[in-house]
Every structure is written in structure tokens, then in C-alpha cells.
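Asker: Okay, handing you the structure first.
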Amino acid sequence: MSTQTASNPPAAGARKALVVGLAGIALTACGLLVSGGHIVAMSWLVGVSYWTAIAIGMLMLILIHHIFDASWSVVLRRQFEHGLSAFGWLALLFLPLVLASVLGPKDIVWPWMNPAGEIHGGHTVGHDPLYLKKASFLNLNMFIGMTVFFFASWIWLSARLRKASFQQDKDGDVKWTFMNRRTAAFGLPIGALTLTFASIYWIKSLEYHWFSTMYGVWFFANCVRGALSIGVLIMLWLWARNDYKGILNNNHWHSIGQLMLAFTVFWAYVTFSQYFLIWNANVPEETFWYNLREINADGTANQWKWIGIIGILFGHFFIPFLFLLSYRHKVSHGHMRFISLWILAVIFLDICYNILPVLKDAHGNALPFFSLNLVWTLSATVGVGGICVWAYLRSFMSAGAKLIPIRDPRIKECLTHHE
């Protein structure tokens, strides 16, 4: 079964995605002239972090698929394998943040990179006892080395998984299945550790005084939820092209809907636990992170409070949770499209909620979410997303790539999947 035979050839879509990606990048670059480097750099960090999280989610789901020797997800796995081709481009798109920190102001993104940078109380980063305790971890050389290691690990794991899967299409040798199981055995701990440290280095360290023991699993939950939502949209696209008709049945839709529900509950558990523990302890060294996202210096509520309550609490949990409880919703294409787009939107809000309040005015208040700065955040996210979609479609059209893993030992079980 070839990817070249269906209607709506993806080549045109790939060209459009590339144009959209380059346009988004160009618009974000224009923000340098309007809003300055610091604001645009933070917007770029949102865009790269958002799409890297989705790619990591795809990688982790493939590894989980192999370690459990799952059958129902075989046909979806192939699309995630194509999605892994974005990692190399994501590494390239992350490079401007590193170069800006090396060649420009040291604290253009991460404040701890500039020892002379001022912090509250008139002190500097270099004389901050908390920073000095973390300096062996939070320094430029370690940051660059670890970032290179993160992307190198993800690209290497992706290459192994893709090679074995695509090669099995050609020769049908079961050794490739065993190879991917071995890759999953050591790839899962590597993936878990790298995504945890990446979230700490790239996002959490923006406010290095704050700490959370749940940050890695919060990021992991968003990674998987984003990947599952993109997976649904890909399945719907292939169904509309008539590629997946006769391949997918209601039980496939129900199974992926169950996973989306499970990770919705998991995200809520992690996020609530983090908030509750900090609220209950009421230690100023911890509560400041939430205070910044709720109130201004004069005690008035800021925009981030409503983003947290309406967008994060209700949008990220209650609406998807109640929606995905229904079997009818999980097997309806229209409903699954809606909830997938909804989840992708609230993950974007969640990433913004964790990154953008670092931008402050002269009074130390977090800059509002709804402002001109949101234009650069959206353009950066669309720009990086366009490049990722282009990379996916290039892999989708690659010579010899089959629509589904036709010689996978579990393919017959997958095509006849039932609950």
C-alpha cells in the first residue's frame, strides 16, 4: 500500500507547510524590531518547546508500544515514526536561543546565565546563594552540552526505531521487531530522563529560585497528550484521503480516546498535586511562582490568574475529562477532531503559562498575556509547527515508506482490533 496513490497528494501540503513555517519565522523575526530581543526570544522558546514536546510524546508512545508489544496501535505507530523526522529540524530551530545567549546579552532568555544580572533585593545572580548552590548545574557550558545531548539522544533513538520499522516493510524479518523492543528497553529510561532534564533546563530554570519535584511528569503528560491529539488529526486526514478506510474501526478510535482520557487524568493529578503541596506548605520560596501568575504587586488580579483558572483548570482538565468519558464522543470523527484541537490549544496555553510570566514590567508584574507580544508567540508556534509538518510530510512521501507496517507481526491483530 503506497502513500503516493491517494488523492490530495501530500507534496502540495508539504510545500504549503514549508511556506507557512518560513512565514511564521519571518514574522517572529520582525518582532525583534518592534518588541525587542528578550520578548521575541521568550516567544521563540514557547514555539520550540511546544513542538518539541509533541515530538517527544510521539517518541515515548512508540517506545511504550514496543515495550508492551501492543497490537492495536500498529497503524498509528507508523505516523508517529514519520513525525520523529522533525527532531533534527527542532534542534536547528533551538539553535538561535543558544546563539543569542552566547553572542548577545547572556540573560536574554535564562537569567542565571548572566552573573552580573540584577535580581530582587539589589543583589546579583553571581552573589545569590541559591544560584551558587546550583552553579555546577546551571552554567552555559553545561546547558549547551546537555541540550546537545538531549537532541542527540532523541535523534538517535528515532533513527533506530525508524530504520527497523521501515526495513521490516521490505524483508518482513522479525529481527527488526526484536531490535525495536531492545531499543524500547533502554530508550524509555533515556527518554524519561532527557525530557525531564530538558523541561528543567529550558523552562523551569527561567525562575531558578523555584523548584518542583513534579515538573518532569507535568511536561511528560503534556508531551503525550499533544502527541495523541496530533495522532488523531493525522488519522482523520488519512481517513479523508480514503487511505485509512477499511483499516481503522471504532475500536481503534475508542482505544486512542481512552488513552487521551487517561493522560488527561494523569496531567490533572500531577498539576493539582504540585499546586496543593505548595499551597499547603505556604513557603514564600515556593509560593512566589504562583503569586506572580495570580496577582500584581498592588494585590490586584492579573490576566494570568484567569488563564490559570479558566484556561488551565477548566480548559485543560474538566472539559476534556467530561468530554472523553462518553463512548459516543470517542468514536465520532467530528467530536475527536474538536477535542484534539482543544487539547492542543490548552497545551499551548499551559506552555505559555509556564514561560511568559518571566517577562515583567518595571514594577515586577508579569506582562499580560493578551498584548502585542502574543502575536510573536503565535507566529513562532505556527512557524515551528510549519517546519514540523513539512518534515512529517517529507518522511510520509519518502521512497519505500508504506502507509502502515504491512509486515509487522501484529498487523493482523491490529486490523481486527476489538475491545
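The values are calculated or read from the model by the stated rules, or taken from the named source; none is laboratory data. Source: prediction; values computed, not measured. For neighbour counting, all protein chains shown are included, and Cβ atoms are generated from backbone atoms with ideal geometry for every residue, glycine included.
Asker: Within segment 166-194, track down each residue that is in a helix (DSSP H, G or I) and acidic (Asp, Glu).
Answerer: Selection gives ASP169, ASP171.
Asker: Criterion first (in contact (Cβ under 8 Å) with a residue 24 or more places away in the chain, surrounded by fewer than 20 Cβ atoms within 10 Å (Cβ to Cβ), among the β-branched types (Val, Ile, Thr) and over 23 Å from SER229 (Cα atoms)) does VAL34 satisfy it?
Answerer: Yes, satisfied.
Asker: Here's a check for you: in segment 89-110, which residue that is over 23 Å from the mean Cα position of the chain (by Cα) and at pLDDT 90 or above is surrounded by the most Cβ atoms within 10 Å (Cβ to Cβ)?
Answerer: Of everything passing the filter in segment 89-110, VAL102 is surrounded by the most Cβ atoms within 10 Å (Cβ to Cβ).
Asker: Pick from segment 178-198 the residues that are in contact (Cβ under 8 Å) with a residue 24 or more places away in the chain and buried (at least 19 other Cβ atoms within 10 Å of the Cβ): which of them is nearest to TRP112 (Cα to Cα)?
Answerer: Out of the qualifying residues, it is ALA198.
Asker: Which condition breaks for ALA29 when tested against (1) assigned to a helix (DSSP H, G or I); (2) in contact (Cβ under 8 Å) with a residue 24 or more places away in the chain; (3) out of contact with any Pro (no Cβ under 8 Å at 6 or more places or on another chain)?
Answerer: Going through (1) assigned to a helix (DSSP H, G or I); (2) in contact (Cβ under 8 Å) with a residue 24 or more places away in the chain; (3) out of contact with any Pro (no Cβ under 8 Å at 6 or more places or on another chain) one by one, ALA29 breaks only (2).
Asker: Next question, about the same structure. What tally of residues in segment 144-167 results from selecting those that are surrounded by fewer than 15 Cβ atoms within 10 Å (Cβ to Cβ) and closer than 25 Å to MET113 by Cβ?
Answerer: Result for segment 144-167: 5.
Asker: Something else: For segment 300-346, which fully contained helices (runs of 4 or more DSSP H) count at least 2 residues that are closer than 22 Å to ILE256 by Cα and either under 22 Å from the mean Cα position of the chain (by Cα) or at pLDDT below 95 (or both)?
Answerer: Passing ranges, in order: 319-324.
Asker: Return the residue satisfying two criteria in turn: it lies in segment 298-325 and is loosely packed, with under 13 Cβ neighbours inside 10 Å and of a type in the set (Gly, Ala, Ser), and of such residues it is nearest to SER229 (Cα to Cα).
Answerer: So the residue we want is ALA301.
Asker: Mind telling me which of the residues LEU59, LEU22, LEU93, LEU76 ends up being in contact with a Leu (Cβ under 7 Å, 6 or more places away or on another chain) and in a helix (DSSP H, G or I)?
Answerer: Only one candidate passes the filter, namely LEU59.
Asker: Which condition number does TYR269 fail, the rest of (1) surrounded by fewer than 19 Cβ atoms within 10 Å (Cβ to Cβ); (2) assigned to a helix (DSSP H, G or I); (3) touching a residue at least 24 places away in the same chain (Cβ under 8 Å) being met?
Answerer: Every listed condition holds for TYR269 apart from (3).
Asker: Hey, among the residues in segment 150-164 that are over 18 Å from the mean Cα position of the chain (by Cα) and of a type outside the set (A, V, I, L, M), which one's nearest to GLN79 (Cα to Cα)?
Answerer: ARG162
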